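Heads up: the structure comes next, in structure tokens.
The values are calculated or read from the model by the stated rules, or taken from the named source; none is laboratory data. Treat the numbers as computed from the prediction; the structure is a model and nothing was measured. All Cβ positions, glycine included, derive from the backbone under ideal geometry; neighbour counts span all protein chains shown. Ligands, DNA and RNA are excluded from the accessible area calculation, which covers all protein heavy atoms including side chains. Shrake-Rupley method; radii C 1.70, N 1.55, O 1.52, S 1.80 Å.
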Amino acid sequence: MTHERTQVAIVGAGPAGLTLGQLLYRAGIDAVVLEDRSRDYVEARIRAGVLEQGTVDLLERAGVTERLQREGIVHHGIYLQFDGERHHIPLSELTGGRSIVIYGQTEVVKDLIAARLDAGLPLRFEVSNVAVHGFEGGEPFVTYEHDGGERRLDCDVIAGCDGFHGVCRPVIERVLRTYSREYPFGWLGILADVAPSSDELVYNHHARGFALLSLRSPTRSRLYIQCRPDEDIADWPDERIWEELHARTALDGWSLEEGPVLEKGVTGMRSFVAEPMQHGRLFLAGDAAHIVPPTGAKGLNLAMHDVRVLADALIEWYDNGRAGLLDSYSADCLRRVWRAEHFSWWMTSMLHRAPGGDEFDEKLQLSQLRYVTTSTPAATSLAENYVGLEE
Ligand code: RFL
Ligand code: PHB
């Protein structure tokens, strides 16, 4: 068994783990990041695309925004489409000038990995059998296998940034209270090699089901349609996906441009929160602690907020010996988590066709959509949640 020591052991090289690593590095705190997948796999995974200003600011603090500043696309609004009409929600106008930035999570992750490796900092891909120990006392450590050998990593603190299917949350299951909701639908998403047909994101309510028009760049569209949670992607040749997208987004005087499909997949939808987000010296951050359905574009942004709070708490602890911020870590994160949980659930309920639902449900959704697109206070509420509430 090879022994090693660091200050913070970070499990998971997603946006949460990698950003935490950079923030700590910049504060002079050592960390080792362990990831069970390969670098290629992590850099190819297509996920979120909408960054709140607070997320961009944090990446700036982490020193990884050179490409984001060049390639990120600032949006000042979104559209809600229903009943054959497209309505604009002017996010910036309603929130005192705040906006969102379109830049793929995949690109954020690539930038963070490059920064970490360029700085010569430890980031181990393809580790296996990761297990966390000793966090109930003062001497936590992580064991894992790498390059055919067994390793032990001693540390002061373990950051569980290993996503929803990771190992850190299950080991403290008995001290956690969990809250969850499964939705009876999923999203089928495609990345297409075609310029976006709309200048801003379009969230579509339709009798056939929800559809979303998003983008990754001036030449790449990202499009989603509501589907069954267990939908078999093999049943969806490209022509059928485009047909469905056309049907759900049709609008007089506007048309959806098609292009080669570069990637496609189905993702289930759930809401989930585990409380508290800490046990002893083990801290959970990001999807390891909570999940939101993607309709509010909040998952990545929440993960970034968690690691900001955690980094500040660790810096305070190492620099001044004060544990106050570490002790309040969970409570400080959960306030924002629950706001995002509500917003994501609300957007999801307003925009998706509920299987088994009836016309009454649809009438309520349409009434709510009409309200948020005609009442300035209602639109403002949506806008301030969408761009991300201030602390
Ligand atoms: P991640 O990204 O899942 O990273 C966790 C990492 O841990 C690794 N891992 C392990 N490593 C070592 N040992 C183990 N035992 C391990 N088990 C797992 C994993 O391989 C992985 O590399 O979690 P993190 O960092 O908390 O980041 C969270 C975000 O990825 C997630 O919330 C967002 O992608 C959610 N999301 C969106 N969020 C937004 O803010 N805006 C959006 O527009 C948005 N769109 C989306 C989304 C998620 C989607 N999917 C695929 C669920 C759209 C979609 C379709
Ligand atoms: C995306 O571009 O992947 C995206 C955008 C907005 C969402 C969810 C996903 O609400």
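With a cut-off of 8 Å between alpha carbons and a minimum separation of six or more residues, what is the relative contact order of the stretch 1-130 in percent?
Details: 183 pairs, mean separation 42.4, N = 130.
After rounding, I find 33 percent.
Distance in nm between label sites at residue 230 and residue 114, each 7 Å beyond Cα in the beta-carbon direction?
Once both label points are built, they end up 4.3 nm from each other.
Counting pairs of alpha carbon atoms under 8 Å apart in space and at least six apart in sequence, what relative contact order in percent does the chain give? Don't jump to the answer; show the numbers that get you there.
Values: 801 pairs, mean separation 79.1, N = 391.
Dividing the mean separation by the residue count of the chain yields 20 percent.
Per residue, how much accessible area does the chain have with a 1.4 Å probe, in Å²? Can you show the working numbers first?
On the way: 16740 Å² over 391 residues.
Accessible area per residue: 43 Å².
What's the ranking of 358-366, 75-83 by average number of surrounding C-beta atoms within 10 Å, highest first? Could the numbers behind the result be given before it?
On the way: 358-366: 12.0, 75-83: 19.6.
Those peptides, ordered most packed to least, come out 75-83, 358-366.
Project the alpha carbons of the chain onto their principal axes and report the range along each, largest first, in whole Å.
65, 42, 41
I need the peptides 372-385, 210-223, 231-244 ranked by packing, meaning the mean over residues of other C-beta atoms within 10 angstrom, with the highest value on top.
By packing density, highest mean first, the sequence is 210-223, 372-385, 231-244.
Just the number, please: Stokes-Einstein D of the stretch 216-361 in µm²/s, Kirkwood Rh from C-alpha pairs, 20 °C, 1.002 mPa s.
Numbers: Rh = 18.5 Å.
The Stokes-Einstein estimate is 116 µm²/s.
What is the sum of charges, Lys and Arg at +1 and Asp and Glu at -1, for the other residues whose Cβ falls under 15 Å from the Cβ of residue 256? Please report the intermediate quantities before stating the final value.
Values: positive: 86, 208, 220, 222, 240, 248; negative: 193, 199, 200, 238, 239, 243, 244, 252, 257, 258.
Counting the neighbours of residue 256, the net charge comes to -4.
If packing is taken as the average count of other Cβ atoms within 10 Å, what order do 312-318, 262-268 fall into, highest mean first? Provide the component values of the computation, followed by the final result.
On the way: 312-318: 18.6, 262-268: 14.4.
Packing order, densest peptide first, comes out as 312-318, 262-268.
Looking only at the chain, where both bridge partners belong to it, what percent of the DSSP beta bridges are antiparallel (to the nearest 5)?
Details: 55 of 75 bridges.
Of all bridge pairs located within the chain, approximately 75 percent are antiparallel.
Counting Lys and Arg as +1 and Asp and Glu as -1, each charge on the Cβ, what is the dipole of the chain about the Cα centre in debye, to the nearest 20? Intermediate results must be reported in sequence, preceding the final value.
On the way: 39 positive and 59 negative charges, 91 e Å.
Computed about the Cα centre, the dipole is about 440 debye.
Using 0.36 nm per residue of separation minus the Cα-Cα distance, give me the extension gain between residue 219 and residue 4 in nm, one decimal.
Details: separation 215, 0.36 × 215 = 77.40 nm, distance 4.58 nm.
This chain segment gains 72.8 nm when fully extended.
Between residue 126 and residue 380, what length in nm is gained on full extension when 0.36 nm per residue of separation is reduced by their alpha carbon distance?
Details: separation 254, 0.36 × 254 = 91.44 nm, distance 4.51 nm.
Between residue 126 and residue 380, full extension yields 86.9 nm more.
Taking Cα pairs under 8 Å and at least six residues apart, what relative contact order does the stretch 275-391 come out at, in percent? Could the numbers behind the result be given before it?
Numbers: 91 pairs, mean separation 28.1, N = 117.
Answer for the stretch 275-391 is 24 percent.
More than 21 angstrom separation, counting every C-alpha pair in the stretch 1-156; what % is that? List each step's numbers first, then the result.
Numbers: 6590 of 12090 pairs.
Counting pairs separated by more than 21 Å, the tail of P(r) holds 55 percent.
What is the distance in Å between the Cα centroid of the stretch 138-195 and that of the stretch 234-253?
Result: 35 Å between the Cα centres.
Between beta-carbons, use under 10 Å as the cut-off and find the net charge around residue 153, counting Lys and Arg +1, Asp and Glu -1. Intermediate values should be presented prior to the final figure.
Numbers: positive: 5, 124, 151, 152; negative: 4, 154.
Combined, the nearby Lys, Arg, Asp and Glu give +2.
Among 119, 74, 55, whose Cα lies farthest out toward the positive end of the dipole of the stretch 36-120, if unit charges sit on the beta carbon of Lys, Arg (+1) and Asp, Glu (-1)?
Working it through, the farthest residue towards the positive pole turns out to be 119.
Considering only 378, 293, 236, whose Cα is most displaced toward the positive end of the charge dipole of the chain, charges sitting on Cβ of Lys, Arg (+1) and Asp, Glu (-1)?
Selected residue: 378.
Under the rule a/c < 1.5 gives rounded, and otherwise a/b versus b/c splits prolate from oblate, where does the stretch 1-53 land using the Cα gyration tensor?
Details: a/c = 3.62, a/b = 1.36, b/c = 2.66.
In terms of gyration-tensor shape, oblate.
For residue 145 and residue 316 in one chain, what is 0.36 nm times their gap in residues minus the Cα-Cα distance, to one decimal in nm? Let's see the in-between values first.
Working: separation 171, 0.36 × 171 = 61.56 nm, distance 3.22 nm.
Gain on extension, residue 145 to residue 316, equals 58.3 nm.
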